[in-house]
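Nothing in this text is a laboratory measurement; each read-out follows from the coordinates by a stated rule. Nothing here was measured: the structure is a model prediction, and the numbers come from that model. Neighbour counts run over all protein chains shown; Cβ positions are idealised from the backbone, glycine included.
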Amino acid sequence: MGTGLTADERERVEADQTESDSAEGAPAELDTAESNTVKLDTAELNTAEFDTAEFDIVVAGSGAAGMTAALTAAHRGATVVVLEKTGSFGGSTARSGGGIWAPGNTVLRRAGVADTPELARSYLARVAGEDVPAELRDALLEHGPAMLDFVLAATPLRLAWVPGYADYYPEAPGGLASGRSVEPVPFNGSVLGAELARLNRPYLPVPRGVAVTQADYRWLTLGPRHPRAVLASAKIAGRLARSRLLGQRMLSLGQALAAGLRAGLLASGVPVWLDSPLIDLVVADGRVTGVRILRDGKPALIRARRGVLIATGGFERNSQLRQEYQQAPIGTDWTTGATGNTGDGIVAGQRLGAATGLMDDAWWGPSIPLPRGPYFCLAERNLPGCVMVNGAGRRFVNESAPYVDAVHAMYAGNAADTPHIPAWLVFDQRYRDRYVFAGLPPRRPLPRHWYTAGAVFRAPDLGKLAAAIGVDAGGLAQTVARFNSFALTGVDAEFGRGDSAYDRYYGDPRVRPNPNLAPLDRAPFYAAKIVPGDLGTKGGLRTDARARVLRPDGRPIPGLYAAGNASALVMGRSYAGAGATIGPAMTFGYLAALDLTTAPGASGNELDNP
Ligand SMILES: Cc1cc2nc3c(=O)[nH]c(=O)nc-3n(C[C@H](O)[C@H](O)[C@H](O)COP(=O)(O)OP(=O)(O)OC[C@H]3O[C@@H](n4cnc5c(N)ncnc54)[C@H](O)[C@@H]3O)c2cc1C
C-alpha cells in the first residue's frame, strides 16, 4: 500500500505548509515525574543515530481512538503504524465497559430505538453546552453511524443495544429513556492468536472465559434472587459452557472492543508496535512530518508522509499535570484509567503551540479507595437503602446523579469546615443483604482488609458509625430520618432521586413506590469512603471537526491530529450517556483518518464499506 497521493492532494499538502512556528507557546520544560512518563529530553537525541521508518500515517496510542483511525486509514489505502507505549494494547478502552454512544447508528435502528437526528442534535446541544462548538457536535452525530458501520464491516466485532440504559439526562430535550448505548456482543478472543496475550487487562478481574455484558450487569447487581439476575446468570453460564465446548475464549465489554479492533488491524496488516512510546513530534517546513519514539528502549525516527494522530489517551496517571490543571485534592491514586496515560501526546502537542481545553475536568465518578485500587461506583449509589453524605452528615447531591455530576458536586461543596472529600456512602444491613456491592455478592461480609485500610466502616448504630468516620452524628441521624420518610412516600423532596429514568435504570424495580429509595433501618450500618475517582481525564488538545489540532488562534497545525482523551472532548463538562467517551473517540479517530486520506475539497467523503 503506497501513499496514493494524487497531484491534487500533493498540492493541498504543499498549500498547507505554513511558516514554521513549531516552538510557539511551548512549555519551557517537561518533567512529568511519573514512572510511566517518558522524559522528553529531545536535545539529547541525535537523529543520525536513529533507526528510521516511513509510513503514510503514524498513530500514537492503541485505544479506541487510535485503532479505529488506523483501521480506517488502512482501508483507505494508506500505510499506517500504531505506536503503543506500554507492553500491551488497548489502553483504557480494554479496561472499560466498552459502551459506545453514537446516536442513529444501524444497531440502534435495527433494535427499534425511536430516534431522529433532530432529537439527538438538541440533546447534545443541551448536554455538551455552549463551550463545545456546534461543528464538533454535528460531526459526531453525522459521522458516528458511518464510523460504526465501517467498524462492523472491517472487524469481527458485533454490537448490541443496551436495552433501556437511559441517556444520562433522559428528561432533557431530545434525551431518550430507552438509551442510545451499544456494547460489544461477547467475542471470541482466540481469533487474535498469540496477540491475545498482549491485550491490556480488564479493570475488574473476571474468571477466564466468563463474559458478562453491560446488559447482564444491570440485573446481576440486584442479587441472585431477582428473576432477571437468575436469567442473566444462566445466560452467562450457557455462554461459558458453549465457548468451552468450542474451544473459544469469550471476551466482553472493553476487552471485546479492543480485541475486535485489533483483529481488524491484524486482518488489514497494520502493525502495532508495543513498547514504542512517542517521545516527540518532528516538524519540517511548518508541518508535522513524523515522530521520535523509543523502540525497545532505542531511539527511532518514524516519518509520516501525511501526518500524525495523537491518540495517547488522557493524563490521569500524571500527578504533576493533574496538580497543575485540576482542583485539589487530586492525584493519580483514584483513577481507573490505563497506566500508560500520562499525557505524553498532549504535552508534545503543546510544545508545538497547540491549544488545549477542559484540562481541569475528567470523566469523574464517586469511587471507593479499596486496597487493590479504586472501585468506581456505578449501581451502588442508585440502589435503594443508601445515602451519600458529607462531613456534616448531610446529603449534598442526588446519589443517583450521573457520575460526572456527582463528583462536580463533591468538589463544589468541599470546604475545610464541611469536607465533601471524602464523602461517605452509608447503607444498612438490608442493602448489604440484597445487592452486589463493589463486586461482592449480597450477604458476604466485606473483607477485613477493606476495614483495616479505612475504606469501609461498620457499627451497630448510626451514632457509632458517625463517630468512626468523623462525621457529625446529629447531622447523620437527621439525614437518615428524613431520607427514611422519603422512602415511605417515594418522593425525595431534597434531591429528586428516582425522578429520572437514568436513576431508575440501576434501581430495584421490586422496591415501591420509588425503586431508588428504601429506608436505612436495619443494623448494623456501614459507611464506604467515597473519593473523586475517574475513568480518565477528558481535557486535551483542541481540535476541529476534522480532528485537526488547532492553535489558540484556531488555525490547524498542519499534519497533526488528535482524538479520544488526548483531545478536548465533544461532551464538554458532561457525559451524554453510557459510551459517551468511546463513541466520540472512535468517531474523531475515524474522521482524522478520513481527512488524512482524503483528496482536497472532498471532505465528508465517507468510507465505502469493504
Ligand atoms: C473501568 C472503566 C470503564 C469505562 N467504561 C466506559 C464505557 O463503557 N464507555 C465509554 O465510553 N467509556 C468508558 N470508559 C472510558 C474510556 O475507556 C476511555 O475514555 C476511552 O477508552 C479512551 O480512549 P482513547 O483511545 O482516548 O485512550 P486509551 O484507550 O486510554 O488508549 C490510549 C493509549 O495510548 C497509550 N499511550 C500513552 N502515551 C503514549 C505514548 N507516548 N506513545 C504511545 N502510546 C501512548 C496508552 O498506553 C494507551 O494504551 C471507561 C474507563 C474505565 C477505566
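Each of ALA267 and ARG482 was given a label point 7 Å from its Cα along the Cα-to-Cβ line. The distance between the two points is 5.7 nm.
Semi-axes, largest first, in whole Å: what does sqrt of 5 times each Cα gyration tensor eigenvalue give for the stretch 77-186?
On the way: eigenvalues 135, 62, 43 Å².
They are 26, 18, 15 Å, listed from largest to smallest.
With respect to the chain, whose longest principal axis is taken over its alpha-carbon atoms, helix 134-154 is tilted by about 80°. Relative protection proxy for 580-591, 487-498, from highest mean packing down: 580-591, 487-498 (other beta-carbon atoms within 10 angstrom). Each Lys and Arg adds +1 at its Cβ and each Asp and Glu adds -1 at its Cβ; summed about the Cα centre, the chain shows a dipole of about 3120 debye. What residues from the stretch 552-574 fall in the zone where the backbone N is under 14 Å from a label point 7 Å along the Cα-to-C-beta line of ALA134? Hits in the stretch 552-574 for ALA134 at 14 Å: none.
The phi torsions of the stretch 441-455, fed into the Karplus equation with coefficients 6.51, -1.76 and 1.60 and a -60° offset, translate into couplings of x, x, 6, 5, x, 5, x, 4, 5, 5, 5, 5, 7, x, 7 Hz, rounded to whole numbers, with Gly and Pro shown as x. Computed over the stretch 215-293, relative contact order equals 13 percent, with contacts defined as Cα pairs under 8 Å that lie 6+ residues apart. For the chain, the mean residue ellipticity at 222 nm estimated from helices alone is -9500 deg cm²/dmol, where every DSSP H run of n ≥ 4 contributes -39500 (n - 2.57) and the total is divided by all residues, rounded to the nearest 500.
Sequence-ordered 3J(HN,Hα) estimates for the stretch 388-394 from the Karplus curve with 6.51, -1.76 and 1.60 and θ = phi - 60° stand at 10, 10, 9, x, 8, x, 9 Hz, glycine and proline given as x. Distances between placed amide hydrogens fall under 5 Å for MET359 paired with GLY540, all partners being 5 or more residues away or on another chain. Taking amide H atoms as placed 1.01 Å from N in the peptide plane, the amide H of ILE279 lies under 5 Å from those of ARG292, ILE293, LEU294, each 5 or more residues away in sequence or on another chain. Distance between the C-alpha centres of the stretch 482-497 and the stretch 175-237: 33 Å, rounded to the whole angstrom. Highest mean packing first, where packing is the average number of other Cβ atoms within 10 Å per residue, the peptides 273-280, 442-449 line up as 273-280, 442-449.
In this entry, the stretch 221-283 is assigned a mean projected area of 8.1 nm², taken as a quarter of its C-alpha convex hull surface.
In percent, rounded to a whole number, the relative contact order of the stretch 408-556 is 30, using alpha-carbon pairs under 8 Å and six or more apart.
Explain nothing, just the number: dipole magnitude of the stretch 297-435 about its Cα centre with +1 on each Lys and Arg Cβ and -1 on each Asp and Glu Cβ, in debye rounded to the nearest 20.
Numbers: 14 positive and 12 negative charges, 129 e Å.
Around 620 debye, computed over the stretch 297-435.
Taking amide hydrogens as placed 1.01 Å from N in the peptide plane, the amide H of GLY536 sits under 5 Å from those of THR336, GLY337, TRP363, each at least 5 positions away in sequence or on another chain.
Can you order the peptides 326-338, 109-121, 178-190, 424-436 by their average number of other Cβ atoms within 10 Å per residue, highest first? Let's see the in-between values first.
Values: 326-338: 19.5, 109-121: 14.1, 178-190: 24.6, 424-436: 21.4.
Averaged packing, sorted descending, gives the order 178-190, 424-436, 326-338, 109-121.
Compared with the dominant Cα axis of the chain, that is its longest principal axis, helix 7-16 is turned about 70°. Reported to the nearest whole Å, the Cα centre-to-centre distance from the stretch 110-133 to the stretch 529-585 is 18. Each Cα pair under 8 Å and six or more residues apart adds its separation to the average, and for the chain the resulting relative contact order is 23 percent.
The 3J(HN,Hα) values that the Karplus relation (6.51, -1.76, 1.60; θ = phi - 60°) gives for the stretch 228-235 are, in residue order, 5, 5, 4, 4, 4, 5, 5, 4 Hz. Gly and Pro appear as x.
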